[in-house]
Amino acid sequence: MKNLDKYIQIITTNKDFQKLFAARLITLGGDWLLTVPLLGIIYELTENPLITSLVLVVQSAPLFFLGSFGGYLADKYDRKKIIAISEFLSGVVVLLILFAVNTENVAFILFSFGMLSVVSAAYMPTSDAALPNVVEKDYLAEANVIFFSSWGIMAGLGAGIGGYLTTVVSRDTLFTIDFLTFVISAFIVFSIKKDLSEQGESKSDEVTINFIDGMKYVLSRKEILSLVITKATFSISASGLLSLFTVLSYEIYKTGDYGTGLMFGARGIGALIGPIIIRYFFGSTDGKLLNTIGITIMAWGLFYFFISFSASVYLTVFLLILGHSGGGSQWAFSTYGLQVLTPDNLRGRIAGIDYSLYFFMNTISTLMIGYLATVYGVLFVFKLFPVLGFIFGFVWFLSTRSIWNKLET
């Protein structure tokens, strides 16, 4: 019950956290409102799983190249301004995507969607780096669970609503709603009163910010390196399967965008409830919490493996909720570990490196799994890659136990 009291106190009393959290909810909701229809549009235009997977490739590839630079910006400049400007530019790019969709030119659609990632490259590492500066250390674990739950909530609501709205409103209306979400989010962030970094806006004048310092810090600390590689390595097995939700829905379950929305929504629900449950039962210390990461990856692999045997979209939705309870916990607690173990003046760069490696592997995974699905079929990859993910989780758990045990002492 003590953890529950912390959740309630953070949500009800910390106004700056409320604003940062609300902005993230609105932004991620807009992202998912856009992604599900785009997957359906590309698949309808091409009927090709590999080309459909390029929607997620162009979403992730720019973040690989620019994620570390975004983290560098987060340590050098005012984080509040970086987040707000990123949000506003994202809204402008949504209008470009709308124009591209109306041309029905696949290359133009993919290019414009990739531009959304270019202008928002600094958003995730900056918001992650800012979080410890709006909550006290004793509340950071709970705040991080709530903060990460924004992804789960809006992946559930945004994806589900996006899939539904494609059947009842025009594309112009849907994309206009998405544009407004980014603009509203930018204004909310500007209203935050507290500095989102320890040194405030003058920090770029006080210290020299070098990108290479972040990489040196990662390589010099085993616990940091272990946390940085977990998202990236797990992503090899997990990320590419997401683009195939559309193929499963269209070809296996015959449920179209509705089924795609349900599956992405289930992913979000799992990512929401998983970290809360794991934190409640295993979060008495940081060491115990971080030691669960490998186990949660194994849970993802186990439940995803059974999707290949599912004949119903609703059974698949249930398995996705269970699987992403594990996958979501892995993401939330590896991010939390980096926040508490990294000093503020390096936190943006460490987060940027974390995201760059993740999106690099995300891109490789999406291309590789999309190709294999085209050659061998979608059900084959839903058997193979969950097994690989389970093996990685097991190896990571065994190889890092001593690190987290030392953290206990």
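FYI, it's all coordinate maths here, none of it is from the lab. Bear in mind the structure is a predicted one, so any value in this text is a computation, not a measurement. Every residue, glycine as well, gets a Cβ built from its backbone with ideal geometry; the counts of neighbours run over all protein chains shown.
Is the chain best put as rounded, prolate or oblate by its Cα gyration tensor, with a ≥ b ≥ c the root eigenvalues, rounded for a/c under 1.5, and otherwise prolate when a/b is larger than b/c, oblate when not?
Note, shape of the chain comes out oblate.
In percent, what relative contact order does the chain have, based on Cα pairs under 8 Å that are 6 or more apart in sequence?
In percent, rounded to a whole number, it is 28.
Would you work out if segment 59-117 is rounded, prolate or oblate? Take a ≥ b ≥ c from the square roots of the eigenvalues of the alpha-carbon gyration tensor; rounded if a/c is under 1.5, else prolate when a/b is larger than b/c, oblate otherwise.
Note, shape of segment 59-117 comes out oblate.
Hey, fewest Cβ within 10 Å first, where do Phe318, Phe113 land in order?
Phe318, Phe113
For the chain, which longest stretch is free of loop sites, where a loop site is one of the GluC sites (Glu not before Pro) that DSSP puts outside H, G, I, E and B and that has at most 15 other Cβ atoms within 10 Å?
The reported range is 199-409.
Would you mind pulling out the separation of the Cα centroids of segment 1-49 and segment 338-409, in Å?
First find each Cα centre; the distance between them is then 21 Å.
May I ask for the longest run of the chain untouched by trypsin sites (Lys or Arg not before Pro) that are loop-located per DSSP and have at most 16 neighbouring C-beta atoms (other than their own) within 10 Å?
Of all site-free stretches, the longest is 1-192.
Can you give the net charge of the other residues whose Cβ lies under 13 Å from the Cβ of Val106, counting K and R as +1 and D and E as -1?
-3
Where a Cα-Cα gap under 24 Å defines reach, which lysines qualify for Lys231, not counting those fewer than 8 residues away within the same chain?
The qualifying lysines are Lys137, Lys216, Lys222, Lys288, Lys383, Lys406.
Quick one: grab the alpha carbon gyration tensor of segment 1-145, order the square roots of its eigenvalues as a ≥ b ≥ c, and give me rounded if a/c is under 1.5, else prolate or oblate depending on whether a/b is larger than b/c.
Verdict is prolate for segment 1-145.
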